[in-house]
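Below is one structure; the comments refer to it alone.
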Amino acid sequence: MSTLFVSHPCCLDHDTGPAFPERADRVRVIERTFEGEIFQLLQRECAPELDYGALTRVHPESYVEQIRKAVPEEGYFELADDVVLSPGTWEAISHSVGGVVVAVDEVMRRKVTNAFVAMRPPGHHAETARAMGFCFFNLAAIAARRAQAAHGAERVAIVDFDVHHGNGTQEIFWSDKSVLYASTHQFPLYPGTGASEERGAYDTIVNAPLPENAGSRMFREAMSEKILPRVEAFAPDLVVISAGFDAHRFDPIGALHLEVADFTWITNELMEIADRRAKGAVVSVLEGGYDLIALSRCASAHVQTLMGA
Ligand SMILES: [Zn+2]
């Protein structure tokens with residue numbers, strides 16, 4: 001059993017300005033957490049540059065070029081609401097795509113059992129050709145497509161426990177029966193999608209919305225009754241986790257009341273399904289999480305669980 005940790009210092013150079021919740025300190029606290037002794041056995045890799053082929057399996061070239069051209073030489077450029085670019089943005093998103101690809105490759109080649117990619121900006125709001133909600137390229141979708149195209153995975157399950165619905169991931173796989181997308185999220189909340197009636201063209205989208213102020217019990221019930229049985233039945237060759245930690249009760253953006261133990265619990269449940277169905281293959285990608293202490297504790301618990309520690 002071994003766990004890969006992927007990051008790159010250039011993801012700190014995506015500068016979103018002083019008042020933006022999605023900021024470089026998020027990855028700084030995670031990196032500092034993983035310097036602890038308990039993480040000695042983590043295998044670490046620096047994310048390589050963009051894999052263009054892996055990226056364009058999800059996002060069309062014209063959109064990729066639109067993002068690249070929007071990068072300013074200095075200062076900030078606001079491409080859309082909550083989508084800010086700075087001179088370091090391209091390097092950051094390029095390496096975050098590279099990081100996801102290396103994680104999928106190492107897991108699918110069984111060089112490691114599972115992987116956690118701690119890069120930013122996050123990805124699950126990014127649609128096929130639309131940046132929104134801090135996101136440019138959909139990292140979970142790139143992971144799923146990489147596993148299929150380069151490693152022969154037939155079915156991939158993406159499970160998303162971020163407090164927000166992953167509208168981008170849902171849009172990308174709406175008409176694709178080879179990918180199951182399953183999400184718990186506060187509802188209603190940004191981005192407004194994620195009602196339980198949204199099920200995809202082939203019933204491979206599973207939304208389990210939670211009301212404001214829902215806590216551990218409702219989260220675990222939604223996962224146990226609505227999501228985990230569907231993931232198990234789908235028999236995926238890889239489980240991708242959209243690991244957002246903004247459903248923690250300390251988070252300033254979300255209004256769910258999850259505890260660190262809930263993230264440990266769901267990580268374990270997903271690992272058990274992966275053990276039975278996917279030879280343990282799990283690739284987890286950082287999404288949201290905006291209280292730095294909660295983020296560090298949740299990410300620590302998540303990765304300790306992945307390590308079997
Ligand atoms: Zn979020």
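Quick one: which residues, 5 or more positions from ARG120 or on another chain, have an amide H under 5 Å from its amide H? H modelled 1.01 Å from N in the peptide plane, none for Pro or chain starts.
Amide H neighbours of ARG120: none.
Among ALA103, ALA24, ALA144, which one shows the biggest mean-square fluctuation in a GNM of the chain, springs joining Cα atoms closer than 10 Å?
Of ALA103, ALA24, ALA144, the Gaussian network model singles out ALA24 as fluctuating most.
Just report the Cα centroid separation between segment 111-165 and segment 248-309, whole Å.
15 Å
I'd like the carbon and sulfur percentage of the solvent accessible area for the chain, probe radius 1.4 Å, heavy atoms only, ligands and nucleic acids excluded.
Of the solvent-accessible surface of the chain, carbon and sulfur hold 48 percent.
Stokes-Einstein D for segment 192-287 at 4 °C, 1.567 mPa s, Kirkwood Rh over Cα pairs, in µm²/s?
Here the translational diffusion coefficient equals 91 µm²/s.
About the Cα centre of segment 3-306, how large is the charge dipole given +1 on each Lys and Arg Cβ and -1 on each Asp and Glu Cβ? Please answer in debye to the nearest 20.
Details: 27 positive and 43 negative charges, 174 e Å.
I would put it at about 840 debye.
So what are the ³J(HN,Hα) numbers for segment 122-129, from phi and the Karplus equation (6.51, -1.76, 1.60; θ = phi - 60°), rounded to whole Hz, Gly and Pro as x?
Working through the residues one at a time gives x, x, 6, 8, 6, 8, 3, 9 Hz.
Return the sequence-ordered ³J(HN,Hα) values of segment 211-217 in whole Hz as given by the Karplus equation 6.51 cos²θ - 1.76 cosθ + 1.60 applied to θ = phi - 60°, using x for Gly and Pro.
With coefficients 6.51, -1.76 and 1.60, one gets x, 3, 6, 5, x, 3, 4 Hz.
Would you give the gap between the C-alpha center of segment 166-193 and the C-alpha center of segment 1-59, rounded to a whole Å?
23 Å
In deg cm²/dmol, rounded to 500, what helix-only [θ] at 222 nm does the chain give when every DSSP H run of at least 4 residues adds -39500 (n - 2.57) and the total is split over its residues?
Calculated at 222 nm, the ellipticity per residue is -11000 deg cm²/dmol.
Give the long-range amide H neighbours of LEU180: residues separated by 5 or more places, or on another chain, with amide H under 5 Å away, using H modelled in the peptide plane at 1.01 Å from N.
Those lying under 5 Å, H to H, from LEU180 are VAL156, ALA157, ILE158.
Can you list the residues, at least 5 places off or on another chain, whose amide H is less than 5 Å from the amide H of GLY88, using H built in the peptide plane?
Counting only residues 5 or more places away or on other chains, the set is ASP15.
Using a Förster distance of 22 Å, how high is the FRET efficiency between ALA149 and ALA201, based on the Cβ-Cβ distance and rounded to 0.05?
Once the sixth-power term is evaluated, E becomes 0.55.
How large, in Å, is segment 3-306 by the Kirkwood hydrodynamic radius built from its alpha-carbon pairs?
The Cα-based Kirkwood calculation yields 18.6 Å.
Which parts of segment 197-224 would a label at GLN66 reach, counting a residue when its backbone N lies under 20 Å from a point 7 Å out along Cα-to-Cβ?
Taking a point 7 Å out along Cα→Cβ of GLN66, no residue of segment 197-224 has its backbone N under 20 Å.
With θ set to phi - 60° and the Karplus curve 6.51 cos²θ - 1.76 cosθ + 1.60, what are the ³J(HN,Hα) couplings of segment 179-186 in order, to the nearest whole Hz, using x for Gly and Pro?
In residue order, the calculated couplings are 10, 8, 10, 10, 9, 9, 6, 5 Hz.
If the reach is capped at under 17 angstrom between alpha carbons, list the lysines near LYS111, excluding any in the same chain fewer than eight residues apart.
LYS279
The values are calculated or read from the model by the stated rules, or taken from the named source; none is laboratory data. Predicted model only: the values in this text are computed from it and were never measured. When we count neighbours, we look across all protein chains shown, and the Cβ atoms used for this are built from the backbone with ideal geometry, even at glycine. These area figures cover heavy atoms from the full protein model, side chains too; ligands, DNA and RNA do not enter into them. Shrake-Rupley method; radii C 1.70, N 1.55, O 1.52, S 1.80 Å.
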